[in-house]
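Below is one structure; the comments refer to it alone.
We did not get these values from a lab; they are worked out from the coordinates using the rules stated. Since the model is a prediction, treat every value here as computed from it, not as a measurement. Here the Cβ positions follow ideal geometry from the backbone for every residue, glycine too, while neighbour counts run over all protein chains shown.
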Amino acid sequence: MQVFKVYFQILRRHVGQIFLYVGIFAVIVFGFILPSVDTNPVESFTAKKCLFAVFDSDKSEASRALIGWLSEKHEPTEIANDREATVQDALYNRNVYGVLRISEGYEAALAAGASAGELAKRVELLTVPGTLTGELFATDLNRYLTLAALSCRSGASVTEALAATEDALQISLKTELSREGAESAQSKLYYFFSYLSYVFAVMSVVSIAPVLNVFRKPEVHTRISCSSYPFHRMNWELLLGVFLTGLFFLAFFGGWAGIVFGGELLCARGALYLLNLLLYLAVGLALAYLVSQLATTQDTINMIANTISLGMSFLCGVFVPMKYLGDTVLAIAHFLPAYWYQKTLMLLQEDYSGEMGTICGNFAMLVLFVAAFVAAGLVAARQKSLRQLA
Amino acid sequence: MVYAVEVANLVKRYRELVALDHFNLQIKEGEIFGLLGPNGSGKTTTINCILSLLSYDKGEIRVFGQEMRPDSYELRREIGVVMQNVAVFDELTVEENVDYFCGLYVSDKALRKTYVNEAIEFVGLQEFRKFRPKKLSGGLLRRLNIACGIAHKPKLIFFDEPTVAVDPQSRNKILEGIERLNQEGATVVYTSHYMEEVEQICTRIAIMDNGRNVAIGTVEELKRMIKNTEQITVEIIGLEPERRAELEALTHVYQVDYDGKLLKLSYAGGNHNLEALLDYLHGANLCYGSVHSELPTLNDVFLEITGKGLRD
Amino acid sequence: MFFHNYRYALQSILRKKSSLIWTLLFPIALATFMYLSFGELYETEERLSIIPVAVVSENEGAYGEFDAFLEALSAEGDDQLLYVRRLSRDEAEKALADETVRGVIIEGEELTLWLRENSVEGTVLKTVLEQYLQSEAFVRGLAASGATPQELLAAVEALTGGEPYYTETSTSDGSQDLYNNFFYAIFAMSCLFASFTAVVRTSKLQANLGALGMRRQLSPAGRMTMVGAEFAAMLTVQFAAELLTLGYMLLLGVEMGERYLGMFAVLFLGSCVGIAQGIIIGSIPRLSEDAKTGICVSISMLLSCMADLVAVGIKGLIERSVPFLNRINPAALLTDAFYALNCYDTPKRFLTDLGLLAAITALLLGVSGFVLRRNRYASL
């Protein structure tokens, strides 16, 4: 078991990088993605709410009423101040979609039956023009202001006008979701496993490929070939090493998922999640083998690993949900293993009983990718050894 | 007198280990000076201290009469170094490598071109000008290493074990080259643990052990320092123990060893020792096989001075 | 002497084909993947565009005024909001299912809106249509309360006239596409990855790191000249790679604004930071080159991920909780400089970022210079 032993001795040097990606995964998934997952199923129409902030200098009955109504329709939040740069950053980072400035004299203008132009001097909306969210918030703001101003102009007192406005705004349009529109609950399990595909791909390659690379170095390779150690035994031991590394990854992340999601995993669905992961893991290991045949230095291995893993994650719906991806992208994604992994995950989110055939098909695709990567690696190895002999 | 290299009372410690222990050395201009010693005796440490690569705890180092410091740029211009490990750029060709290193010393382009060509010819790499180091064999690589170290025509050249792992052909070429450089006026400091090489080319030798300079002189001077002048080995079987006293009584013999098969006699002085021994053997009617006589080597010198072999 | 060193350093770097190709290829490949996956997401998902809707009339004549309203909304022009098709119920249902329309308006017993999913676009549609209903009710209320025809006319005009009752202010003329952060992060990552080359080159500079360094240190060439030349050569290659990536992204159509000089400055400093990082890590003695590369990768990836490389919003999260981290993370500074350049009219923020980047570079280079200055070593 000499080769096997050395495999792990070398692998130990890359543990730091494995930890790095585990850390990135933990922070992003648990600190960032899971907290924002909405686990309630969508069955009926609910209006989208925009985050907004208000800076009210008028502090009047009218301004409070406006803010109150907007807060019902949307989601008030706070930002540090209304300086342009702060607002811009908040808008850009989507912390708010609109920032409202109500200047002093708003109520007075309203009471005086001011014209649209006059009132507009008192109410300023900072937003990203031309965006849907900006438009939504602006429309709501405008309909309120229009009605309130008209009521006042028609002779009502501010209090009456505000009441009338809110009355009128009670009227709503009956809105229904078509059947396909209803979405089942988003599952946290899905996001955990989805993100895992990025980490698995990059982690397998950056940790395993450099180790395999060592055994591929002509000097080492020749030395082992010359020893009494059977050649096939070296390969088997390396394979075993790679396999165990993979199993370790699987056990680690599987265990992690088990601890976090508990019972959710202990069912047929959970088993399918894990099986899917196992197959994807095999893809990652095969990929590591292929990369070890293509790249010789640590820096190229890293660049290749990151390009492939990040690229696949973008094209196959890990970082950007698949429903947003264009047809061309999805067509390209068919040629990438992460796509099939992701497809299964999406099916598992819903009632998958009728989709077992598709799921098995996806699994088969992953197996095919494993075979393809290994075959490509073997071809590359063969080419290389031929070149060395020549 | 101005020495090419002058080291006085040099002490270098690596934590507990004393690598150089009040080491003294004077190398005259025009010499091929050999530093001989087993691995770990402090040869490379000495050179690295002289070159100001290593800091040292005590002592004084002068090169061409000037104190050697890390920023002695003018002094460095006169020095060439050929290190134990090959130090070249893998990405550059033979010619580019030599030109690069030469360029660190010589700015004049035209002059450099001649120097580079001369250096390449000097080590016999003309046919490999466009080769990258990876394509060169071990011996050729060593020669490139030398070319890079000497292209700028230094007045003082350090060779730190330049022949380690080199084939005999390349080794001879290297040694010849060093002699030629010396004839052209360069002072050479040569370290090795191959005593034959040192005997072959060095005009003066210092023997080092445990960071100390245990003996210094020409080959002949060194050999004269020791008691042994000749050793005669006789193949003889079944020698009676009482004969030992008779053998020890022979003129000039100071030591007798016998292992039941080979009889070794060590002599201190005397010119006709073999004859006297053969006379004794015939007279005592002893049967013997082969007989051979050896003159002392540097190894014997080392052995006698330090009590251990050079290549232990 | 400088040029001599520079020339050969450049030659050495350019001849390491595999590293060179990947230095160039990987940001370009990543940019391509990113652009393919969400390059148009902002346009299609966040920007307001004309919304195609189907109208199903099942109660002829009852919706005359409403139809006029729809017509007004779908009149061609800058503020066209809707594109209306009149379809039968079945056709409309089908059109909604395959997303050729985003909503279906049923003019039946009562006005009903069908949507395919809960989306902002759907909410906009609902709000706009609702506004009509509310205005109608309001006018009816006015009439009932005995308003004069003139007053009513004025009210209708005000309600449909479209002059807004608020001022809309845009805080920036630049692209507000948050996904741009991904592209900025590519630059951050590739700049920091310049440290790989720097690690390798540094080990060839120092006597305590290898024979080559020893030989070079023995020459009379000035130490800082040599380090400077190495740095300049690496910078040349890295900066060129960054410029090519930038050119490629602009060709792809990533909206990064037009302040090219500013971008050059960011990329220049970014390359400097990456190389300086590599030099420092490279000059750690008694560590294998692979281990140093490993450290470089780890640091670079960590910093890049903190600057939104794998999920947009992390940088914002850090800004809200530990803003100091964003001020010292070169990757975050680099992405922020790009953002400021694109979205800010005033150069203060951009210059602050640039200044911090320059300070970090200077600090790293200062430390490197200290480490790399010609020195005697205690051991080799």
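Before moving on, here are some points about what is shown:
- Spatially proximal lysines relative to residue B:261 (Cα-Cα < 28 Å; intrachain offsets below 8 disregarded): B:227, B:308
- Eigenvalues of the alpha-carbon gyration tensor of chain A, scaled by 5 and square-rooted, set the equivalent ellipsoid semi-axes at 60, 22, 17 angstrom, largest first.
- Cα-centred dipole magnitude for chain B, charges only on beta-carbon of K, R (+1) and D, E (-1), debye, nearest 20: 1200 debye
- For region C:284-353, the mean projected area of the C-alpha convex hull, equal to one quarter of the hull surface, is 5.9 nm².
- Among the chymotrypsin sites (Phe, Trp or Tyr not before Pro) in region A:281-344, those located in a DSSP loop and surrounded by at most 14 other Cβ atoms within 10 Å of their own Cβ are A:335.
- Cβ-Cβ distance of residue C:110 and residue A:36, R₀ of 41 Å, FRET efficiency by 1/(1 + (r/R0)^6): the value works out to about 0.70.
- Translational diffusion coefficient (Stokes-Einstein; Kirkwood radius from C-alpha pairs) of region B:123-199 at 37 °C, 0.692 mPa s, in µm²/s: 253 µm²/s
- Beta bridges assigned by DSSP with both partners in the protein assembly as shown are antiparallel in approximately 50 percent of cases.
- Its Cα gyration tensor gives chain C an equivalent ellipsoid, and the semi-axes of that ellipsoid, as √(5λ) in whole Å with the largest first, are 63, 21, 16.
- Cβ charges +1 (Lys, Arg) and -1 (Asp, Glu), total dipole of region C:49-160, debye: 160 debye
- In this simple spin-label model, placing a label point 7 Å from the Cα along the Cα-to-Cβ direction at both residue A:240 and residue C:91 gives a separation of 7.1 nm.
- Förster radius 22 Å - calculated FRET efficiency between residue B:226 and residue B:285, Cβ distance, rounded to 0.05: 0.05
- Relative to its Kirkwood radius, the Cα radius of gyration of the protein assembly as shown gives an Rg/Rh of 1.16.
- Cα Rg over Rh - region C:49-160, Kirkwood: 1.01
- Within the straight-line cut-off of under 19 Å between alpha carbons, the aspartates and glutamates reachable from residue B:173 are B:118, B:121, B:127, B:160, B:161, B:184, B:196, B:197, B:199, sequence neighbours fewer than 8 places apart in one chain being disregarded.
- Pairs beyond 22 Å (Cα-Cα), from A:49/C:348; B:130/C:17; B:134/C:17; B:134/C:292: A:49/C:348; B:134/C:292
- Scanning chain C for GluC sites (Glu not before Pro) lying in DSSP loops with no more than 14 further Cβ atoms inside 10 Å, the longest uninterrupted stretch between such sites is C:111-257.
- Sites matching trypsin sites (Lys or Arg not before Pro) across region C:232-340 that sit in DSSP coil, with at most 11 neighbouring C-beta atoms within 10 Å: C:286
- With a 10 Å cut-off around each Cβ of A:305-312, the average count of Cβ atoms from other chains is 6.
- Residue mean of other protein chain beta carbons inside 10 Å, C:169-177: 6
- Residue-averaged [θ]222 nm for chain C, counting only DSSP H segments that reach four residues, each worth -39500 (n - 2.57): -21500 deg cm²/dmol
- Selected from A:203, A:367, B:232, residue furthest toward positive end of dipole (the protein assembly as shown; charges at beta carbon): B:232
- Estimated [θ] at 222 nm from DSSP helical runs (n ≥ 4, -39500 (n - 2.57)) normalised by residues in chain B, nearest 500: -10000 deg cm²/dmol
- Prolate/oblate/rounded call for region A:192-344, Cα gyration tensor, a/c under 1.5 rounded: oblate
- Descending semi-axes in Å of region B:196-312, equivalent ellipsoid built from Cα gyration tensor: 31, 14, 12
- Among the helices of chain A, those built from whole DSSP H runs whose Cα atoms reach 30 Å or more along their own axis and whose mean Kyte-Doolittle hydropathy is at least 0.5 are A:188-216, A:231-261, A:268-294, A:356-389.
- Percentage of interatomic Cα-Cα distances in chain B larger than 26 Å: 55 percent
- Alpha carbon convex hull of region A:18-134, projected area averaged over orientations, nm²: 10.6 nm²
- Of every Cα-Cα pair in region C:119-247, the percent that sits beyond 25 Å: 63 percent
- Gyration tensor (alpha-carbon) shape descriptor, region C:245-335, a/c threshold 1.5: oblate
- Using only side-chain charges placed at the Cβ, +1 for Lys and Arg and -1 for Asp and Glu, the dipole size of the protein assembly as shown relative to its Cα centre rounds to 5120 debye.
- Percent breakdown of C-alpha pair distances by 5 Å bin, ordered from the shortest bin, for region B:27-160: 2, 10, 18, 21, 18, 15, 10, 4, 1, 0
- On the beta carbon distance between residue A:19 and residue C:232, with R0 = 30 Å, the FRET formula returns roughly 0.25.
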